[in-house]
Every structure is written in C-alpha cells, then in structure tokens.
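Enquirer: Can you read through this structure? Questions will come right after.
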Amino acid sequence: MVSRPLPRNLVAAGTALTLLCAFNPGLALAQEAQVLPQGGQDAAEAEGAEAKADGKTTVLDRITITATMQLQAVIDTLSGTSVVGREEIDRMQPTTAADIFTGVPGVAAATNGDDPATSINIRGLQQYGRVAVTLDGARQDYWRVGHGSGSFFIEPELLKQVTVIRGPVSNAYGSGGIGGVVAFETRDARDFLRDGETWALSEKVRYETNGEGKLSSTTGAYAFSDAFDVIGNFVWRDSEPYTDGNGDVVRWTGEEVRSGFGKITMRPADGHELKLSAIVQDYGDFITGSSGSASSTLSRYDADTEVYTYTGNYTYQPEDNDFWDFAANAYHASTRADQFQVWPNSAYGKTRYYDVATNGVNARNSSRFDALNMQHTLTYGADYYDLEGESDTDNFGNGSQMAYGGYVQWEGEYAGWLDLIGALRYDGYELEGISKPAPLQPAEEVSLSGNRWSPRFTVGVTPVEGFQVYGTYAEGYRVPHLQDVFRQNGAHGSGYEPNLLLKPEVARTWEAGVNLQYDDVFAPGDLLRVKADVFYSDVENYINTVTFGGITRSENVGTARLKGVEFEGVYDYGWGFINLAMSFTDATMLDGVYAGDTLSNTPLDNVAMTLGLRAFDDRLTYGVQYQRMGEVTRVLSTGTKVYPRVNLVNLFANWDINDNLRADFGVDNLFDEAYTDPQTGWATASDVEQGKGRTFKIALTGRIGG
C-alpha cells in the first residue's frame, strides 16, 4: 500500500480545532444536541422524549423503524428488536462495524483481522443474504472468495444508529433475510445541529496504542432554511498490525481507510421530504488466502476496495391525512475490490478483482382508520433489486440475481390491551449465470426462477400497564445465492461444482416474548426496561457446502433447527445504569445425513453487561463493560474445532469537558486475553491468535457552531 500523507495534515488541523474549542466556550451553544421536530421520525422521537417524566430515555426507549415498518419505541415492539444509538457508538469507540454489536443479544459480528469487511450472524444464520444488511435502505451484498470472507464495509463514524431485527418477522424489508435485518442509518443535519444553530463544524481525533491506530473525523452541517439543509463528513483512519493477548504480532492486520459522506435534505412543502445522499469509502490493506495461516507459500495480496452507496429517499407525511404515510427509496450500492499479488515471489504481479453491485427500489404506504372499536393500520408496499456479481478469479459465482416482492400488513389495536398483526408477503426471483463446461458439453447460459407466499401472525396482550406479552408465527424465504448456485473451479480437489438444482431455504419460526417497562421501581426517577423472548425456528432446504466423492458444491442438506432465549434489559437510576444482554442458542441439523450435527459457527451462550456511572451533572459517564463469548463449535472439512469460552473486560469514560470539547477514554481487553473469535474464518493452524490484545484509546472532539 502507498502511504498518503495528506490526511495526516488533517489530523494536525483537527487537533488545533479541538484546542480552539476548549479555550473558547462561547463558540458553541447548548450542551445537548436537540432535534427540531417536524413530522416523521423527528416528531416521534420528540414525542417519546416528552413522555418520560424525568427527561431520561434508555436504549430500549429509542424510536426506530420496526419490523412492521412503523416508527415505535424498541420496548413496544412485538419482536426481537434492538437499537444501538450514537451514544453507545461513541462509548465503544469502534474501529470496525463489528465492534458495534458486542451488546446486542442473538447477534455475532466479526472481521477477519486481515480483512476489514464485516460478517453478521443472527440466531445462527449468516452468509450470502441470510441476514439483510442495509445502509440508509440500500442493500449491502458484497462477497468474495476466501475463508471467512466478509459481507459489507461500513465506517462507524458515519452512523446515527443501527437497528437489529431478529428472525423472519422482518420480511417487509425485502427478499431474503430469514435470519433478520441489520439497518444502518446515517446522520441528518438536524441530528448534528443544536437548537437555534444554522451551522456547525466538529473534528474528532483518536489514537489507539495497539497497532498505533489513528483517526480523524470531520463533520460539518448547514441549514440554509427550515426547508433545506446539508451535512458532510470525512474520515481518515490508519493503523499498523496489532498484537494479540500473548504479545505476538497478528500479521497483515494494518489498514488505511478514507471515507466521505454527504446528504442533502429538502422539504419543498408541508409533509414532503426528499433526502439525497452519497457515501464513498476506500479501504487499503493486505489480505491473505487463509487468514492467520503461517504458511510461507500462502498467497498474499495488496488490496484496494472502493465502496459506493447512493440513495434517494422521499417521504410524504401530511399532518391531517391518515391515509398517507408514504415512503419510497431508490439506491445503488457497489463494492469493487482490486487485488495485486505480492507473495509468493513466483506469482508476484498477478491481479484479480471482485465487482458486486446492487440496484434497487422500494415503496410503501400506511393508512390508518378506526372501525369496530379498533384502531387499524394497513401497510402495503413492494420492492425490487438486481444484484450483479463479477470476478476474474475461480470459485466466484458470476451472474445476476433479480428479486422482487410485495406485501400487505394489517395491525389492529383494541382498548389499549390487545395488539394484532397479520401480514402476507410474496417473493419472486430469477438467477442468471453460466454452467460449468464438461468434456462433451460446453458452458451455456442458465436461468432459474421461483416464487412463494410467506405469512406472519402476531398477538400481543397488555393485561396490566407496563407488562406486555406476545406470540408470533412467521415464515421467510431465502433465494439461493449466486455463490451457492454458480461457483466453479478453485483449489478444492477438482474444483467447485455449480448446483443448478438448489431449492430456496424456507424458515418457519415461532416466537414468544415479554416487554416490561416500569418507572420509580426502587427509587424515585429510576427506569426499568426489559425485553425477553424465546424462539424456535426450522429452516427447510438448508444450504451448506459439502464434499463427497471428490466433488465440492452447495447442497440442500436438510432441515436446520435453531432455538434459543434472548434477553435485553436496562436499569437506569439517574447517577448510574446497568445494561444486560444475553442470548443462548442451540442450532443443529434436524434430519439428513448430518442429523444431530451442530451448525458451524453458531454463537452460543453470549453475555454482555455494562455498568456505568455519571458525575459532574451528567457530563462524565464512566464504567466497565463485560463480554463473554460462549463455547463455539466450528465444523471444517478437515474436522471439528471447539473454541473455548472467553471473558473480555473493557473500561470507558466519556467526558463533556465543556460545551465545545469532549474527551473519550477506553481500555479494551483490559486483562490482555489471547483468543480468536470463532465467527471469523481464521485459520485453525495459525500460530497467533486473531483477537486484539490490550488496547488503550483516547479521542478528543471539538465543535463550533452558531
């Protein structure tokens, strides 16, 4: 990789800006950023905040777009839903998107150390569209060949919040996603500007000791009027290879990242809003053929990956017309990775590329009315996307995947104690690719298609205020991925074989849960929020890669059964808080030749807890985070490897020194544990652990505005 010195000058300028803010308190206004309510989500958030008697909201009180495509507080959702807000993101100081999910039950996110892309596992399901990942509504569908290759690239500094919806109840978000949805949302100007401001500028600089990680994040926003505002952000991040808990250097883990983000918001008339955004990310790093392997002949590449996401979102939400709550979104998301081989010497100079792009549109509307002593909400919508994947390397599923669908959903509420949801979704797909040539049969174009209807039913009951129970039955439909159907050749024996007879996966899930929300429980002004659920899911026609008779290909290997318990709770007592998240998952093959085997890479028995304290009129928040990753069985072609439990402890402190300057401190992996995250594709024969050892972090953020 070529060093690029310009961003380092930006870091110096950013440091000067933070110091300027520190000694000029008059340059900024109020301490807390306040959203200006004007319809839609902003109004819902403001209303939710006003509903709290003491003005505090927990992470479970946050408003988000839910599985029913309605704005709702997380604690009120009749599904396994979690939100990670900007406050939590700043507290963790994440380096990659995977760091964001440490406190989310039922979710395991990981990177490969030598690959900054992130892979998401929800309730034991991951890879190739089983979890739908969106950025401002744009699907992130990247993949490449290799062990444990990631699925998307997202810079955490861009984000306002992240919503996780577990299970196929999220199928209103589009085709696939039988494991769930992860929806990343970027900031608007109104999220950044404080009450009364028309402009603002901030600069964050951060340093990490392990790997000498450096970051500069510059954000600016301007409101030309109530009808037009803009926001932009530029991030530069650079690091060297870090060390594991044993003090050993983890090879090829350094990287350089540059990203830019811009969003324009226009409100041409009451109820109308149009947002246009562009996100460009550039990742430079070294990548290996088998992450962590100590082989002296292992292929190694200098990789440059460019990620582009363009979105246009239009909403129409008139104040006095319950028939219209309309939203439409169009997007383009593409990832291009160019790799230059640098080792071994005999292959120096060889190149390969991966080019994956998704174009899509979706639209929905909600109509509300009262009838038969009930409040009704009818939501109906449609979506379409076209996924194109191309590479010049073996073992990549070149081709195109077109998926389309529509849904109708009814929600009914009776007397404040009964909630009913009924939904039906239609999915269709078409795959196009090239078959593998045989001695007497040349390669030819192939087209596959299919369709299905998927229902959902939910009943929620609130017998007493603050206590709600619900039950759900939902089905989901996952199209066979291009990589499953069309990949061919490669290094495995005689090479991978395509499978043109793969059937789509169908998930049938039963779920029951309870929501608890109480105030003034043990002391005046305290808050208790709890979400807990149990789930039981069968995934028919489960697709896995198998080797038999010297042939390696994807097969429908039978029915996978996933069941478990999830818990997320918050207790906030004013001068402190406790957040607790737990999930216990069992995932096995129910039938077929692998009956009784554990699903590979399934996260089991994960626990995360945060104990925080507040001081100096809530300007200082500090505390400790604990995370336990449970024992995980990983099934490989060479055998089974069991990863033992690991306990990680982190420290944090976030201090608003004044209205213009903020300091963030952190210590990750306090006790320098040596471990490998089993969700990655890290080589089992590696002579070093993949997990980062003890890391000290410090960040300064300065802000001016007026």
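Enquirer: About its Cα centre, what dipole magnitude does the chain give when the only charges are +1 on Lys and Arg Cβ and -1 on Asp and Glu Cβ, stated in debye to the nearest 20?
Expert: Value, rounded to 20: 1200 debye.
Enquirer: If you don't mind, another one. If neighbour count is taken as other Cβ atoms inside 10 Å, put ILE75, ILE154 in order from fewest to most.
Expert: ILE75, ILE154
Enquirer: Using helices alone, what [θ] at 222 nm do you get for the chain, with -39,500 (n - 2.57) per DSSP H run of 4 or more residues, divided over all residues and rounded to the nearest 500? Can you show the working numbers first?
Expert: Details: 5 runs with 44 residues, N = 706.
For the chain, the value works out to -1500 deg cm²/dmol.
Enquirer: Sorted by mean Cβ packing within 10 Å, highest first, what order do the peptides 194-201, 309-316 take?
Expert: Top to bottom by mean Cβ count within 10 Å: 309-316, 194-201.
Enquirer: Considering the options GLN690, PHE665, MET629, tell which one lies farthest towards the positive end of the dipole of the chain, charges being +1 on Lys and Arg and -1 on Asp and Glu at the Cβ, about the Cα centre.
Expert: Of the candidates, GLN690 comes out farthest on the positive side.
Enquirer: Would you mind listing how long the stretch 408-447 runs along its three principal axes, going by Cα atoms, in whole Å with the largest first?
Expert: If we take the Cα atoms of the stretch 408-447, the spans are 70, 13, 9 Å.
Enquirer: Another one. For the stretch 494-536, compute Rh as the Kirkwood radius over C-alpha pairs and then the Stokes-Einstein diffusion coefficient at 37 °C and 0.692 mPa s; write the answer in µm²/s, rounded to an integer.
Expert: For the chosen part, D equals 215 µm²/s.
Enquirer: Just tell me which aspartates and glutamates come within less than 17 Å, Cα to Cα, of LYS436; anything on the same chain fewer than 8 places away is out.
Expert: GLU390, ASP392, ASP394, GLU444, GLU445, ASP484, GLU497, GLU555
Enquirer: Next up: Percentage of Cα-Cα pair distances in the chain greater than 33 Å, rounded to whole percent?
Expert: 48 percent
Enquirer: Where does each of 550-562, 155-167, 105-117 land if you order them by average Cβ count within 10 Å, highest first?
Expert: 105-117, 155-167, 550-562
Enquirer: Further question on the same structure: Could you pull out the pairs from LYS160/LYS263; LYS160/LYS692; LYS160/LYS275 whose alpha carbons sit more than 19 Å apart here?
Expert: Where the Cα-Cα span goes over 19 Å, the pairs concerned are LYS160/LYS692.
Enquirer: Fewest Cβ neighbours within 10 Å first, please rank LEU661, LEU215, LEU125, LEU418 accordingly. Intermediate results must be reported in sequence, preceding the final value.
Expert: On the way: LEU661 21, LEU215 24, LEU125 29, LEU418 14.
Going from sparsest to densest Cβ surroundings: LEU418, LEU661, LEU215, LEU125.
Enquirer: To continue, here is another question. Going by average Cβ neighbours within 10 Å, how do the peptides 171-183, 77-89, 662-674 rank, with the highest at the top?
Expert: The densest-packed peptide leads the list: 171-183, 77-89, 662-674.
Enquirer: Any idea how far the Cα center of the stretch 183-245 sits from the one of the stretch 384-422, in Å?
Expert: 31 Å
Enquirer: Another question, if that's okay. Over the stretch 284-384, how many percent of alpha carbon pairs lie in each 10 Å bin up to the one with the longest distance?
Expert: Once binned at 10 Å, the Cα pair distances of the stretch 284-384 give 13, 25, 17, 14, 14, 11, 6, 1.
Enquirer: How large is the Kirkwood hydrodynamic radius of the stretch 563-631, in angstrom, based on all distinct alpha carbon pairs? Mind showing how you got there, number by number?
Expert: On the way: mean 1/r = 0.0693 Å⁻¹.
The answer is 14.4 Å.
Enquirer: What does the extension gain come out to for LEU274 and ASP338, with contour length at 0.36 nm per residue minus their alpha carbon separation?
Expert: On the way: separation 64, 0.36 × 64 = 23.04 nm, distance 3.45 nm.
Result: 19.6 nm gained on full extension.
Readers should treat all values here as calculations from the given coordinates under stated rules, not as data from a laboratory. In this text the structure is predicted, and so the values were computed from the model without any measurement. All Cβ positions, glycine included, derive from the backbone under ideal geometry; neighbour counts span all protein chains shown.
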